[in-house]
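**Q** Here you go, one structure.
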Amino acid sequence: MSFTLAIVGRPNVGKSTLFNRLVGRRLALVDDQPGVTRDLREGEAKLGDLKFTVIDSAGLEEATDDSLQGRMRRLTEHAVEMADVCLFLVDARAGVTPTDEVFAEILRKKNANVILAANKAEGNAADAGVIDAWGLGLGEPIRLSAEHGEGLNDLYEHLRPLS
Ligand code: GDP
Ligand code: MG
């Protein structure tokens, strides 16, 4: 049985970097339907022996400050509804921001099945941010570096029970 993973989180935390790493060249489709699905990128991911569908909320990059709250809420809610599990990324170098708290609240309200990950966690500069992420109340954050491919074993261990 396969499952669908949605990568969620505020802009610039590294969602698309992780999506690209998980999908490699196996990008299945870029949805050009109108509305919110246009901004969700879907691909076939591979991680070790796991194969699953991954969703990236790709539309958040261009959101202006004014439109960000509403758009990211709709996009994230939509992604949560499509997914069996959400990988909630925060930026370990930036620490937890008020916008991260908004996302945490959306995920709680939707009763989403959440795996928390502190991305950009390569090196010591990220230690404080990883500890900060515990404060979201979503359990132990996975230390991840999407750019350097670190922490993928931990991610694998969290996803394996779903397959
Ligand atoms: P998104 O807006 O959440 O999709 O974030 P992106 O994937 O576009 O990444 C935003 C920025 O963070 C880019 O400059 C990436 O190169 C950088 N980035 C992503 N992952 C990492 C990481 O693991 N470590 C560091 N240091 N930078 C990263
Ligand atoms: Mg992106």
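**Q** Could you tell me whether any residue of region 63-75 is closer than 17 Å to F19 by Cα, touching a Leu at 6+ places or on another chain (Cβ under 7 Å) and open to solvent by less than 40 Å² (accessible area, probe 1.4 Å)?
**A** Within region 63-75, one or more residues are closer than 17 Å to F19 by Cα, touching a Leu at 6+ places or on another chain (Cβ under 7 Å) and open to solvent by less than 40 Å² (accessible area, probe 1.4 Å).
**Q** Let me ask you something else. Search region 131-146 for residues that are on the phi < 0 side of the Ramachandran plot and pair each with any residue that is surrounded by fewer than 17 Cβ atoms within 10 Å (Cβ to Cβ) and part of a loop (DSSP other than H, G, I, E, B) when their beta-carbon atoms are under 8 Å apart and the residues are at least 6 apart or on different chains.
**A** Filtered contacts from region 131-146: W134/E140.
**Q** Taking only pairs six or more apart or across chains, which ones have beta-carbon atoms under 8 Å, a first residue in region 100-125 that is open to solvent by 70 Å² or more (accessible area, probe 1.4 Å), and a second residue that is in a strand (DSSP E or B)?
**A** N113/V85; N113/C86
**Q** Go through region 138-163 and report how many residues are open to solvent by less than 30 Å² (accessible area, probe 1.4 Å) and in a strand (DSSP E or B).
**A** The total comes to 2.
**Q** In addition: As an exercise: evaluate D154 against (1) more than 14 Å from the chain's Cα centre (by Cα); (2) more than 16 Å from ligand 1 (Cβ to nearest atom); (3) closer than 21 Å to T4 by Cβ and give the number of the one condition it does not meet.
**A** That leaves (2) as the condition not met.
**Q** Please go through region 113-137 and give me each residue that is outside any helix (DSSP H, G or I), within 17 Å of the chain's Cα centre (by Cα) and modelled with pLDDT of 95 or more, ordered by number.
**A** N113, V114, I115, L116, A117, A118, N119, K120, A121, L136
**Q** Scan region 10-26 and report the pairs whose first residue is among the hydrophobic types (A, V, I, L, M, F, W, C) and open to solvent by 40 Å² or more (accessible area, probe 1.4 Å) and whose second residue is modelled with pLDDT under 95 and more than 8 Å from ligand 2 (Cβ to nearest atom), with Cβ atoms within less than 7 Å and a gap of 6+ or a chain change.
**A** That search, which allows pairs on different chains as well, returns nothing.
The values are calculated or read from the model by the stated rules, or taken from the named source; none is laboratory data. Computed from a predicted structure; not experimentally measured. Please note: Cβ atoms are built from the backbone with ideal geometry, for glycine as well, and neighbour counts cover all protein chains shown. Keep in mind that these areas ignore ligands, DNA and RNA; they rest on the heavy atoms of the full protein, side chains included. Shrake-Rupley method; radii C 1.70, N 1.55, O 1.52, S 1.80 Å.
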